[in-house]
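Remarks on the structure that follows.
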Amino acid sequence: MQEQTLDCLGEACPVPLVKTQKALEDLAVGDVLIVQIDHSCAMKNVPEWAREAGHNVEIEEVDDGEWEIVIEKAK
Amino acid sequence: MLKKLSDAIGKNDYYKIWLKDAWPYVTGAVLLSVFQIGTLAVTGNPWGVSAAFANWGAWIIEAFGGSVEKWYYFSSDGAIAVLERGFLRDPATVRNLGLIAGALFSVLIASAFKIKKIKTKKQVVAAILGGLLMGYGARIGFGCNIGALYSAIGAFSLSGWVFAVFIFAGAIIGSKLLVKVFM
């Protein structure tokens, strides 16, 4: 199992979502991708897409206006 | 004491539902519809955003001793009347200020305020270019996605649907460009 961090701080939509989709493509099933974001729209569309794609998703609020979306690639 | 209080509020379910988490799209849509009806009833004009910015520009020019009297855009009786009434007596201006204040309030109360770092020069160029293009486009199109799209469709105007077709076409081209430049 591999863990990878994707820095999307300071990036506006739809850049975090597109970057997440690309990064997940290169990972194997069971690997974990941690997406760092500070754009509240990305808080909605990144987890929404990841859940719809069937992955396990958890959101952590790390600071004021800063979140980490933890995605475990499920398929 | 304060720390205890803020911790207690932070754990409260209703704080989370109403103030912390983003509201569902439907809630937002219903509220926007209700408020735009109120706007139309109270001010006599449908909701618009970007037209006020052009007036801000005119007031700035006037503040520095310039004049927009001869500009075609400001030549109509309506435009002249709005400019003469001034900054704080323009409903669209006050509404825009309220929008900014409201956005700040909502992000503060959700304790999600953050000043974002500028990552690359590309972002600066894209923001300035994008802003100029949007502002210019909204003026020569006689409205932005609020005045010329949302309010127009709400008023059963065909022009709103024409605007919708082209704004979607523009958004598709824009997204492709954005992905190319920023990926």
- Task: Determine if segment B:95-111 includes at least one residue that is surrounded by 11 or more Cβ atoms within 10 Å (Cβ to Cβ), within 14 Å of chain A (Cβ to nearest Cβ), of a type in the set (A, V, I, L, M, F, W, C) and in contact (Cβ under 8 Å) with a residue 12 or more places away in the chain.
- Result: yes
- Task: Evaluate segment B:53-72: report whether one residue or more is surrounded by 14 or more Cβ atoms within 10 Å (Cβ to Cβ), under 16 Å from the mean Cα position of the chain (by Cα), within 20 Å of B:Gly147 (Cα to Cα) and in contact (Cβ under 8 Å) with a residue 40 or more places away in the chain.
- Result: yes
- For B:Met1, work out the one condition from (1) in contact with a Phe, Trp or Tyr (Cβ under 6 Å, 6 or more places away or on another chain); (2) loosely packed, with under 11 Cβ neighbours inside 10 Å; (3) not small (Gly, Ala, Ser) it doesn't fulfil. (1)
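Could you identify the single residue in B:Lys122, B:Lys116, B:Lys180, B:Lys176 that is more than 28 Å from B:Ser33 (Cα to Cα), within 12 Å of chain A (Cβ to nearest Cβ) and surrounded by 14 or more Cβ atoms within 10 Å (Cβ to Cβ)?
B:Lys116
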- Out of the residues in segment A:38-70 that are out of contact with any Pro (no Cβ under 8 Å at 6 or more places or on another chain) and closer than 14 Å to A:Thr5 by Cβ, state the one that is nearest to the other protein chains (Cβ to nearest Cβ). A:Glu66
- Please name all residue pairs, on different chains or six or more residues apart, with Cβ atoms under 6 Å, provided the first residue is in segment B:2-25 and is under 15 Å from B:Ala112 (Cβ atoms) and within 14 Å of another protein chain (Cβ to nearest Cβ) and the second residue is assigned to a helix (DSSP H, G or I) and modelled with pLDDT of 90 or more. B:Leu19/B:Ile109
- Query: Given (1) touching a His at 6+ places or on another chain (Cβ under 6 Å); (2) at pLDDT 95 or above, where does A:Val70 come up short, assuming only one miss?
  - Reply: (1)
- Looking at (1) touching a Leu at 6+ places or on another chain (Cβ under 9 Å); (2) surrounded by 11 or more Cβ atoms within 10 Å (Cβ to Cβ); (3) not in a helix (DSSP H, G or I), can you tell me which one B:Ile167 breaks? (3)
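The values are calculated or read from the model by the stated rules, or taken from the named source; none is laboratory data. None of the values given here were measured: they were computed from a predicted structure. Methodologically, a virtual Cβ is constructed for each residue, glycine included, from the backbone with ideal geometry; neighbour enumeration extends over all protein chains shown.
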